[in-house]
1. Checking the structure you have, find out if any residue of region 34-42 is modelled with pLDDT of 75 or more, under 24 Å from K7 (Cβ atoms) and either open to solvent by less than 20 Å² (accessible area, probe 1.4 Å) or touching a strand residue (DSSP E or B) at 6+ places or on another chain (Cβ under 7 Å) (or both).
2. Six or more apart or on different chains, Cβ under 7 Å: which pairs go from a residue in region 55-72 that's at negative phi and of a type outside the set (A, V, I, L, M) to one that's open to solvent by less than 20 Å² (accessible area, probe 1.4 Å) and assigned to a loop (DSSP other than H, G, I, E, B)? Could you list them?
3. Out of the residues in region 7-21 that are modelled with pLDDT under 80 and of a type outside the set (A, V, I, L, M, F, W, C), which is surrounded by the most Cβ atoms within 10 Å (Cβ to Cβ)?
4. Search region 66-92 for residues being modelled with pLDDT of 90 or more and assigned to a loop (DSSP other than H, G, I, E, B), and hand back the single one that is most open to solvent (accessible area, probe 1.4 Å).
5. Might you check whether a residue that is surrounded by 15 or more Cβ atoms within 10 Å (Cβ to Cβ), under 15 Å from K13 (Cα atoms) and modelled with pLDDT of 95 or more occurs anywhere in region 106-127?
6. What's the number of the only condition in (1) crowded, with 21+ Cβ neighbours inside 10 Å; (2) at pLDDT 95 or above; (3) not basic (K, R) that S100 fails to meet?
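The values are calculated or read from the model by the stated rules, or taken from the named source; none is laboratory data. Nothing here was measured: the structure is a model prediction, and the numbers come from that model. Cβ sites come from the backbone with ideal geometry, for glycine too, and all protein chains shown count toward neighbours. Note: accessible area is taken over every heavy atom of the protein model, side chains too, but ligands, DNA and RNA are not part of it. Shrake-Rupley method; radii C 1.70, N 1.55, O 1.52, S 1.80 Å.
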Amino acid sequence: KKIKKEKRWIGIKYEEINSIFSEKKIDISSINCPKNTTPWTCGVIVKRVYKDSPADKAGIKVDDIILEYNGKTMKDSTNAVASVVFETLVDDTFAGQEVSLKIWRNKEELIKKITLGKLEKRLDHNAR
């Protein structure tokens, strides 16, 4: 019997770190990255948090860097870029499941618990 997975929703837009930090001149040198990665490649940066989304309720903020998803780093055996790894990890999770995100904010690592929602529609105008 096949289980139908619904599209999961965290409620953020994200991108690779390197594109934004060169613009903002934020010091990311203190990020503790896994072996064979650099601060530029070991996570994704949050660019937008949607109002009342699971991420918003969990306290995720713009410019947070997501380093781990449920204990898994943004590095995989295929050497895919961090955003692809993150998307795959989210896609492998069910709506309603609680996961932990290790984030880097203001030179500190934090753990945030988030319960994934079900994607019903996209509301770009509700971004914070």
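1. no
2. D56/G11
3. N18
4. Of everything passing the filter in region 66-92, N70 is most open to solvent (accessible area, probe 1.4 Å).
5. No, region 106-127 contains no residue that is surrounded by 15 or more Cβ atoms within 10 Å (Cβ to Cβ), under 15 Å from K13 (Cα atoms) and modelled with pLDDT of 95 or more.
6. That leaves (1) as the condition not met.
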